[in-house]
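Undergrad: Here it is, the structure in full.
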Amino acid sequence: GNMRGTIKNLIIKDAYIYGSFRSAGIADTVSGGTVDRCGFEGVLESRFRVGGLVNSLGNGSVLSNSYSIADKKVDGSDTQAYTIGGLAIDLSNGSIENCYAGGEMINGFWKGGVGGAGTSAIENCYYEYEEFLEFVGQPGNNSSVTGGGTFTEEQMANGYLAYNLGAT
């Protein structure tokens with residue numbers, strides 16, 4: 001569905017979500033809405049597209065202070081139809097701030113630590129290190145990225161990630 005309101009302080013743990021075409025941890029499409037202080041932990045699977053928290057983030061939407069630690073799997077990797085985003089798949093003039101994503105990405109043609117494809121402002125976001133993985137998977141995207149970077153499991157455990165996200 002298309003979400004235009006606010007989702008706040010929602011944590012989903014030990015979950016398994018399968019979508020025949022696409023799946024996401026919190027919401028499908030966020031259009032002019034806000035997702036704040038939310039998290040998803042578990043497994044996300046779909047035939048074609050998986051977003052760690054949302055599938056589509058656009059029209060001034062804000063995803064902030066949230067995380068997804070999930071294994072994300074699509075059925076293939078041979079065409080652009082197979083897309084994985086650590087936090088969101090389609091970025092369309094929204095913003096992602098102070099968030100992080102982790103977990104294994106299985107298959108996928110476009111894979112991004114934060115977003116799969118598109119254009120949005122990404123500020124102070126982190127994703128678990130994986131060789132050759134970029135903030136946004138689709139080359140030539142026009143997302144603006146400020147701050148953030150990659151993290152390892154050790155850095156998550158020792159407080160590095162929390163410190164960089166502003167935890168006191």
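Undergrad: Accessible surface of residue 22 in the full protein assembly, 1.4 angstrom probe, to the nearest 10 Å²?
TA: 90
Undergrad: Please compute the per residue accessible area over the chain with all protein chains in place, 1.4 Å probe, rounded to a whole number of Å².
TA: With all protein chains present, the chain gives 46 Å² per residue.
Undergrad: At a 1.4 Å probe, what is the % contribution of carbon and sulfur to the accessible area of segment 37-162?
TA: Carbon and sulfur: 43 percent of the exposed surface of segment 37-162.
Undergrad: Given axes a ≥ b ≥ c from the Cα gyration tensor, I'd like to know whether segment 93-167 is rounded (a/c under 1.5), prolate (a/b larger than b/c) or oblate.
TA: Oblate, since a/c reaches 1.5 and b/c is not below a/b.
Undergrad: Sort segment 42-106 into rounded, prolate or oblate with this rule: let a ≥ b ≥ c be the square roots of the eigenvalues of the Cα gyration tensor; rounded if a/c is under 1.5, and if a/c is not under 1.5, prolate when a/b is larger than b/c, oblate otherwise.
TA: It comes out oblate by the Cα gyration axes.
Undergrad: How many nm separate the modelled label positions at residue 15 and residue 154, each set 7 Å beyond the Cα in the direction of the Cβ?
TA: The answer from the label model is 3.3 nm.
Undergrad: Reachable lysines from residue 72, Cα under 21 Å, same-chain residues fewer than 8 places away excluded?
TA: Those lysines meeting the cut-off are 13, 111.
Undergrad: Which of 53, 87, 133 moves the most in a Gaussian network model of the chain with Cα springs under 10 Å?
TA: 133
The values are calculated or read from the model by the stated rules, or taken from the named source; none is laboratory data. Values in this document were obtained by computation on a predicted structure and should not be read as measured data. Ideal geometry is used to build each Cβ from the backbone, glycine not excepted, and the neighbour counts take in all protein chains shown. Accessible surface areas use protein heavy atoms only, side chains included; no ligands, DNA or RNA. Shrake-Rupley method; radii C 1.70, N 1.55, O 1.52, S 1.80 Å.
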